Amino acid sequence: MKLCFLLLLFSPLPSIISLVSPPSFTTHLRPPTSLNSILPNPLVAEIKMSATVELFSKVKAMEAEGKKVTSLCVGEPDFPPPQVVLDELVNAISSGQTTYTAVTGTEELRSAIAADLLKRKHLQYKSTEILVSNGAKQSVYQGVFAICGPGDEVIIPAPYWPSYPEMVALTGATPVILPTTIEDEFLVNPKALAAAITPKTKMIIFCNPSNPSGAVHSASLMSEIADVIRDYPQLAVLSDEIYERLVYNPSNPHVSFASLPGMYDRTLTVNGFSKAYAMTGLRLGYMAAPANLLKPCITIQSQLTSCASSISQAAGVAALTKVQESEMEANVEIMRKKRDYVLSKLAAMPDVKSFTPDGAFYVLPDVSAYYDGDDATLCLDLLENKALALVPGSSFGAPGTIRISYATSQEELEIAMQKLGDFLKESRQ
Ligand SMILES: Cc1ncc(COP(=O)(O)O)c(C=O)c1O
């Protein structure tokens, strides 16, 4: 086999052929079949792309056939970024802000983030304790990879954002899923958390407000959770707060995990611009953490991507310093009305259980009374029969539920909820 490979490598054949015909890379450089035995890293081979691939490929196939699909799958706001953000993007390009920035981000953006965290979250970080990345997704992964590795356990409350367990597995650590119930509004139970901690537990990933449930942990529940964690000095908390701007209940405001007594030193706070400012495609997120926790994250980023886009960073400064609070509040109010509309329609559907989520733009109703709890088949049939795409809850570790994203137009929501109601009714006839 080796001999064949060497012969092929040093064969004069390509140069002879190039004298008589133009080079064809597909012909000449096709690897010999023996190279097909190159296997991917086993850590990567085990990683799931997405449990909803089948559903999404069906959506694409239906759209290709010219069918109009109503989709409540997306995790992005349906409003555009604020005008000042768009203006700054243009300005950054035309004024030549197109070179690498510092790995950690521009000083202007890091200072603006530090000032925002101090003003709204009562968190004191130096600008050097902020690491700007290409989206919060990168920040989460770097945080996990910087702290966890083979032999470590990472507690992930379910329902969870599907990337968490896969990111943990990519580092070689073991994801430990902590179930919650709809009766508890999918909030973390401090006693269950205490029972899940072992000497191997290195990190807890805490997503608040939650994707996919929309649940917001109250200040008092969070201090009970902190009381549990306080006993374990080896335990880090990765607090994903990307939905913190989208909260609807003034008596249950978002509280940053790092602001709880004794939690600052162990917390990696992740946030970003995708959800609050509808800047999803601009890929801008960040981590705030004490220098000793942030340093390994900076090292990883320096070898992976260098810096976030210079243009997006300029737009990020505009988002934090120029967007009026009234504009942010108006968007929240629109989302709250959409949430209430969806909940009112769900309440009229027999045997569908839900609660009022205080944040994000998702509801995760329990539809286990239908399809014997098989949410994946329910979603596929719903797509096939009614051209309505929803994500099955089993992809978030919450079997028997379906995730509805209400970040879409009121018109689409009305069509979607009508389709869902009709479908569930017909499934029982
Ligand atoms: C819980 C959660 N964290 C992080 C992200 C990543 O956001 P970004 O677009 O900043 O990478 C998302 C996006 O859907 C999310 O839902």
**Request:** Could you size up the charge dipole of region 293-429 around its Cα centre, putting +1 on the beta carbon of Lys and Arg and -1 on that of Asp and Glu, and report it in debye to the nearest 20?
**Result:** 360 debye
**Prompt:** Which of the trypsin sites (Lys or Arg not before Pro) found in region 123-207 are in a DSSP loop and have at most 15 neighbouring Cβ atoms, other than their own, within 10 Å?
**Reply:** Lys126, Lys200
**Under 25 Å, Cα to Cα: Lys pairs in region 32-143, sequence gap 8 or more or different chains** = 10
**Request:** Cross-chain or 8 or more residues apart, Cα under 13 Å: how many lysine pairs in region 303-429 fit that? Count them up, please.
**Result:** 5
**Request:** Rounded to the nearest Å, what's the spacing between the alpha carbon centres of region 160-176 and region 288-346? Just the number, please.
**Result:** 22 Å
**Request:** Scan the chain and hand back the longest stretch that contains none of the GluC sites (Glu not before Pro) lying in DSSP loops with at most 15 other Cβ atoms within 10 Å.
**Result:** 184-429
**Asked** Taking square-rooted eigenvalues a ≥ b ≥ c of the alpha carbon gyration tensor, is region 70-178 rounded, prolate or oblate, where a/c under 1.5 means rounded and, failing that, a/b exceeding b/c means prolate?
**Response** prolate
**Prompt:** Does anything in region 312-327 have its amide N under 12 Å from the 7 Å Cα→Cβ label point of Ile93, and if so which residues?
**Reply:** 312
**Request:** Positive end of the charge dipole of the chain (Lys, Arg +1 and Asp, Glu -1 on Cβ, about the Cα centre): tell me which of Thr299, His217, Gly262 has its Cα farthest that way.
**Result:** Thr299
**Fill in**
Taking only the alpha carbons of region 320-402, the radius of gyration and the largest Cα-Cα distance, Dmax, both in angstrom, are 15.7, 51
**Request:** Rounded to whole Å and ordered largest first, report the semi-axes of the equivalent ellipsoid of the chain derived from its Cα gyration tensor (root of 5λ).
**Result:** 37, 31, 25
**Item:** Under Karplus coefficients 6.51, -1.76 and 1.60, residue-wise ³J(HN,Hα) of region 230-245 in Hz, glycine/proline x
**Value:** 3, 6, 10, x, 7, 8, 9, 10, 9, 9, 8, 10, 5, 9, 5, 7
**Complete:** Taking placed amide H atoms and a strict 5 Å upper bound, the residues 5 or more places from Cys207 or on another chain that come that close are Asp240
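Taken together, the values in this text are just the output of simple stated rules run on the coordinates, not laboratory data. Here the structure is a predicted model, which is why all the values come from computation and not from measurement. With ideal geometry, Cβ positions are generated from the backbone for all residues, glycine too; neighbour counts draw on all protein chains shown.
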